[in-house]
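Laboratory data are not the source of any read-out in this text; all were calculated from the coordinates shown. Worth saying up front: this structure is predicted, and the values here are computed from it rather than measured. Glycine also receives a Cβ, built like all others from the backbone with ideal geometry; neighbour counts cover every protein chain displayed.
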Amino acid sequence: METNSRLNQLLEFYKEDPKDPFTIYALAMEYLKLDVNESRKYYELLLTEHRHYVGTYYHAAKLYIELGLPDKADDTYQKGMKIARQEGNMHAFSELQQAYNKFKGLDYEDED
């Protein structure tokens, strides 16, 4: 029940300001629990209209992996790393690079 009220509140915020990337991101995250296709719609809105909202790339790429779309995931990780670097957001870049390396099977951590 709490999820529905939070979702309804986010949808109201979205109606008031459909250009706010934080609200769109919050909707994508909220829908992730309820409807992955709806979640994807909001992630893709961020990826096209708010390219510099760096937090999107990690989660959108993970969703693409879950949906069986590895090429889209690969592209999303790479774009995210490029933008994070351009923005000077090395924390986001590092997280994206780690996730990308794991996705590509390039993580070399010991498996004890």
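Its residue count N sets the reference 2.2 N^0.38 Å, and the alpha-carbon radius of gyration of the chain equals 1.14 times that reference. Are any of the pairs K15/K82; K79/K104; K82/K104; K19/K104; K41/K82 more than 24 Å apart by Cα-Cα distance, and if so, which? From the list (K15/K82; K79/K104; K82/K104; K19/K104; K41/K82), the Cα-Cα distance tops 24 Å for K15/K82; K19/K104.
Note that the range 16-30 has calculated 3J(HN,Hα) couplings of 5, 8, x, 9, 6, x, 5, 5, 4, 4, 4, 5, 4, 5, 5 Hz, one per residue in order, obtained from phi through the Karplus relation 6.51 cos²θ - 1.76 cosθ + 1.60 (θ = phi - 60°); glycine and proline are x. Computed over neighbours whose Cβ is under 15 Å from that of N89, the net charge equals +2, Lys and Arg +1, Asp and Glu -1.
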